[in-house]
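Engineer: Can you read through this structure? Questions will come right after.
Rule-based calculations on the coordinates, nothing more; no lab input. Note that this is a predicted model, so its numbers are computed, not measured. In this analysis, Cβ positions are derived from the backbone assuming ideal geometry, glycine residues included, and neighbour counts consider all displayed protein chains.
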Amino acid sequence: MKAIVQDTYGPLDVLTLREVPKPTAGDGEVLVKVRATSVHADVWHAVRGEPYALRFMGSGVRRPKTAIPGTDVAGVVESVGPYVTEFHPGDAVYGECVGVNQWHNGGAFAEYVAVSAKRLAPMPARLSFEQAAAVPTSASIALGCLRDEGRIQRGQRVLINGAGGAVGTFAVQLAHAFGAHVTAVDSTDKLDMLRAIGADRVVDYTLVDYTQENVGIPYDLILDIAGNHPFSICRRVLAPTGTYVLVGHDHYGATGHKWMGSLGRFFPLMVRSLFVKQLPGLRGAGAPNDRFAVVTEMVAAGDLTPVVDRTYPLAEAAAALRYLTEEQTRGKIVLTVND
Ligand SMILES: NC(=O)c1ccc[n+]([C@@H]2O[C@H](COP(=O)([O-])OP(=O)(O)OC[C@H]3O[C@@H](n4cnc5c(N)ncnc54)[C@H](OP(=O)(O)O)[C@@H]3O)[C@@H](O)[C@H]2O)c1
């Protein structure tokens with residue numbers, strides 16, 4: 001089969017299209033004929049091997065343990081391995097090739113990938129393969145941050161900083177569906193799109209610093225994806241009983257934190273969460289492992305629809321990642337496979 005392969009960490013030209021052996025479905029696995037996969041910030045991190053900390057978190061110290069990148073998959077079941085009873089050849093499925101919040105290559109940038117049946121779900125009929133591939137990783141992290149860490153409630157004032165990207169476009173729709181009043185912060189050209197997907201108010205970060213505003217405040221929940229202000233500044237517009245959830249963003253290497261990336265901001269916040277009620281600490285870790293199931297229900301019900309900026313063929317994976325890192329993308333970038 002054809003796949004995008006990297007033998008080493010590095011700039012995007014380490015990615016090459018090659019013939020590699022077709023995988024087989026092991027115990028509890030499903031072999032999926034991939035129709036689409038997505039490109040997002042964590043794929044970029046795993047390809048670059050940055051921050052370096054990720055290499056010591058299972059990705060591979062000197063070179064990636066899994067040579068084929070990609071975490072999200074949408075496609076058709078080719079065959080199933082032993083002990084898989086819930087899927088059958090021909091089923092349209094989608095899901096994540098790696099566990100939640102792991103900075104690993106997952107093998108999805110290929111014509112076929114073997115995935116644990118536990119990480120797949122039947123693909124909602126209202127989505128195309130391209131739309132479905134945009135959902136799993138980004139929507140699941142958005143749900144975890146808002147529901148499990150943020151404990152979002154109906155009627156709350158919620159601010160989403162970095163709302164127009166992959167995680168943010170799901171977070172806006174989720175917060176709207178949970179009945180919150182949503183303020184979405186992003187760049188000028190994305191504001192109409194953000195209103196269309198459920199933002200009640202928008203803030204153009206190129207003109208206004210939301211931490212200095214005197215309207216719409218205080219917020220009950222700040223979901224900080226862009227992470228461009230320290231918590232001590234964000235607190236200015238957060239209610240005393242409110243919650244600040246950091247997703248964090250390295251801005252594709254622009255922050256210059258090559259060793260720890262945004263992890264360097266999480267550890268101090270974890271410690272402070274022992275004393276500051278506005279920080280969720282490890283609250284999300286004890287939450288039920290049902291995020292993808294809930295996301296799938298919400299997609300099927302029409303509460304969540306992925307925003308797909310553009311699609312590229314699999315062979316142009318490097319160009320897709322370059323577009324993600326160099327342009328002001330809206331929502332997700334998708335790769336089409338086996339077209
Ligand atoms: N995507 C996933 O599936 C996933 C999964 C797990 C973890 N994460 C983590 O989540 C983080 C965010 O990921 P993402 O995929 O949503 O990133 P993204 O697609 O790059 O979106 C980031 C958004 O933030 C905006 N932004 C940039 N500077 C800003 C500023 N100063 N103020 C407000 N907004 C600003 C960007 O807008 P402009 O480009 O217009 O400036 C963009 O819309 C990353 O650290 C990633 O590692 C992502």
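Engineer: Would you mind telling me the antiparallel percentage of the DSSP bridges in the chain, rounded to 5? Don't skip to the end; give the middle numbers.
Structural biologist: Values: 28 of 51 bridges.
Taking every DSSP beta bridge with both residues in the chain, the antiparallel ones total about 55 percent.
Engineer: Let me ask another. Rounded to the nearest Å, what's the spacing between the alpha carbon centres of the stretch 1-56 and the stretch 274-339? Just the number, please.
Structural biologist: Answer, in whole Å: 17.
Engineer: Can you tell me the Rg and Dmax of the stretch 271-339, counting just the alpha carbons, in angstroms?
Structural biologist: 18.1, 53
Engineer: Something else: How would you classify the stretch 139-286 from its alpha-carbon gyration tensor, with a ≥ b ≥ c the square roots of the eigenvalues: rounded for a/c under 1.5, else prolate if a/b is greater than b/c, otherwise oblate?
Structural biologist: Working: a/c = 1.41, a/b = 1.17, b/c = 1.20.
Rounded, because the longest to shortest axis ratio a/c is under 1.5.
Engineer: Would you mind listing how long the stretch 1-80 runs along its three principal axes, going by Cα atoms, in whole Å with the largest first?
Structural biologist: Extents along the principal axes: 36, 25, 22 Å.
Engineer: Still on this structure, I have one more. Need the list of aspartates and glutamates near LYS277 for cross-linking: C-alpha distance under 19 angstrom, and skip anything on the same chain fewer than eight residues off.
Structural biologist: Hits, sequence-local ones excluded: ASP148, GLU149, ASP220, ASP224.
Engineer: Using just the C-alpha positions of the stretch 1-153 as equal point scatterers, what log10 of I(q)/I(0) does the Debye formula give at each q in 0.09, 0.14 1/Å?
Structural biologist: For the requested q values the scattering log ratios are -0.28, -0.68.
Engineer: Follow-up. Write down the Kirkwood hydrodynamic radius of the chain, to one decimal in angstroms, obtained as one divided by the mean of 1/r over all alpha carbon pairs. Intermediate values should be presented prior to the final figure.
Structural biologist: Values: mean 1/r = 0.0495 Å⁻¹.
Over the chain, the inverse of the mean reciprocal pair distance is 20.2 Å.
Engineer: Find how much the distance from GLU86 to MET57 grows on full extension, using 0.36 nm per residue of separation minus their present alpha carbon separation; answer in nm with one decimal. Before the final figure, lay out the partial values.
Structural biologist: Numbers: separation 29, 0.36 × 29 = 10.44 nm, distance 3.14 nm.
Difference between extended and current length: 7.3 nm.
Engineer: Here's a follow-up. Counting other beta carbons within 10 Å of each Cβ, put CYS234, CYS97 in order, fewest first. List each step's numbers first, then the result.
Structural biologist: Working: CYS234 22, CYS97 30.
Ordered from fewest to most neighbouring Cβ atoms within 10 Å, CYS234, CYS97 come out as CYS234, CYS97.
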